[in-house]
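Asker: Here it is: the structure, laid out below.
The values are calculated or read from the model by the stated rules, or taken from the named source; none is laboratory data. As the structure is a prediction and not an experimental result, all values here were calculated from the model. Heads up, the Cβs are rebuilt from the backbone with ideal geometry, glycines too, and the neighbour counts pull from every protein chain shown.
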Amino acid sequence: MLRIYKTEPGAKLVKLKNIKSVSKAWFNLIDPAGKEIEQVSTMLKVDSDILHNALDADERSRVEFDEGILSAIVNLPLLDEEGIFDTLPCGLVFTGQNFLTICSRDNRILSSFNKNTAKTFDTRNRTRFMLSILYKTTQFYLRYLAIINRKTEHIEDSLKQTTHNEELFQLMDIQKSLVYFTTALRDNQLMLEKLLRMTKSPATTKLLAFTEDDVDLLEDVIVENKQAIEMVDMHRSILEGMMDGFASIINNNLNQIMKFLAAITIVLSIPTMLGTFWGMNVAVPFAAHPFGFGIVIALSLLATLIVIIFFRKKGMF
């Protein structure tokens, strides 16, 4: 799906339909068809391989400048409807007159740049617009990490009262998401630092026209990204310790249950054993006694009570 936007005077974001002669516009490609890729590639004179690379789910973050075109790939954080966290490569491409974004899936970061938020960005200032996307990316990472923290605390409370594995599986999913976040954030960090170095290059400066405010904003993005990396590392360390600790707790709870069941089995076997002895077809004590049955029952209860008291002192109950 191809959508083209342009900021008009009055901070209005307008969706364009005529793409034959467009300048200072934002080309937004979301899960594009092959024809759309070829159309945009021909119109903006961008190598189609650059666009196809951005659609690769395993593509690493990077930034390149070649033949007057700057292309970057940044990994965005994702939160799907099932509550699973993931990352998504997104391509950012600068041509002589326009700015292009391309992703294989719709996402909340690019969707946040719309008519309702048109006053916060300007497609005509492409450099600041790109930095706004990068800054929003780091903010979403921090926001999702806060959600992960709350979700982990909820699972922790559940694990304190259960011996089931469902909560552990949820922690494993979170741990896998944190691995994705760690890899993506570290790659993004390398890309951002390289982009900062490129701001001093005359060729790049001519294309993007970095101002001092733009450089300051890029440095803020780098600082925010470093903070996100530190938070992910902290959450991973805590989560690994939690999983080990709760696995031990679950095993201990299971051992307690098995110990209790074993004690119950022993207690119930006592009257069964005595009843079996007095049920033999041989001469047994109290066989001719008028209260023999009651005596046997009393002995069974007494023996059972003694065993219960003994197990109680040993902490079996």
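Asker: If F181 passes every condition in (1) at pLDDT 90 or above; (2) within 30 Å of R124 (Cα to Cα) but one, which one does it miss?
Answerer: For F181, the exception is condition (2).
Asker: Sort out which residues of segment 107-129 are closer than 17 Å to L29 by Cα and touching a helix residue (DSSP H, G or I) at 6+ places or on another chain (Cβ under 8 Å), and write them in order of number.
Answerer: The answer is R108, I109, L110, S112, F113, T123, R126.
Asker: Same structure again: Does K6 satisfy being exposed (fewer than 15 other Cβ atoms within 10 Å of the Cβ), under 34 Å from the mean Cα position of the chain (by Cα) and either under 30 Å from R186 (Cα atoms) or not small (G, A, S) (or both)?
Answerer: Criteria not met by K6.
Asker: With the requirement that a residue be at pLDDT 75 or above and surrounded by 15 or more Cβ atoms within 10 Å (Cβ to Cβ), what does segment 299-317 give you?
Answerer: L299, S300, A303, T304, V307, I308, F311
Asker: Still on this model: Can you confirm whether N75 is assigned to a helix (DSSP H, G or I) and assigned by TED's automatic domain parsing to the domain that holds F210?
Answerer: No: the conditions fail for N75.
Asker: If you take the residues in segment 77-86 that are surrounded by fewer than 23 Cβ atoms within 10 Å (Cβ to Cβ) and touching a residue at least 12 places away in the same chain (Cβ under 8 Å), which one is nearest to T137 (Cα to Cα)?
Answerer: Restricting attention to segment 77-86, the residues satisfying the condition of being surrounded by fewer than 23 Cβ atoms within 10 Å (Cβ to Cβ) are 78-86.
Okay, now just the ones that are also touching a residue at least 12 places away in the same chain (Cβ under 8 Å), so 78-79, 83-86.
Working: L78: 10, L79: 13, G83: 18, I84: 17, F85: 14, D86: 13 Å.
The qualifying residue nearest to T137 (Cα to Cα) is L78.
Asker: For segment 29-39, name all the residues that are touching a helix residue (DSSP H, G or I) at 6+ places or on another chain (Cβ under 7 Å) and not acidic (D, E).
Answerer: L29, I37
Asker: Please work out which residue is modelled with the highest pLDDT, limiting yourself to segment 271-298 and to residues that are among the small types (G, A, S) and surrounded by 11 or more Cβ atoms within 10 Å (Cβ to Cβ).
Answerer: Selected residue: A298.
Asker: Within segment 67-85, does at least one residue satisfy the condition of being of a type in the set (D, E), modelled with pLDDT under 85 and either touching a helix residue (DSSP H, G or I) at 6+ places or on another chain (Cβ under 9 Å) or within 15 Å of S48 (Cα to Cα) (or both)?
Answerer: Yes - at least one qualifying residue is present in segment 67-85.
Asker: Let me ask you something else. Any chance segment 182-196 includes a residue that's on the phi < 0 side of the Ramachandran plot and in a loop (DSSP other than H, G, I, E, B)?
Answerer: no
Asker: Which condition number does V284 fail, the rest of (1) touching a residue at least 24 places away in the same chain (Cβ under 8 Å); (2) over 27 Å from the mean Cα position of the chain (by Cα) being met?
Answerer: (1)
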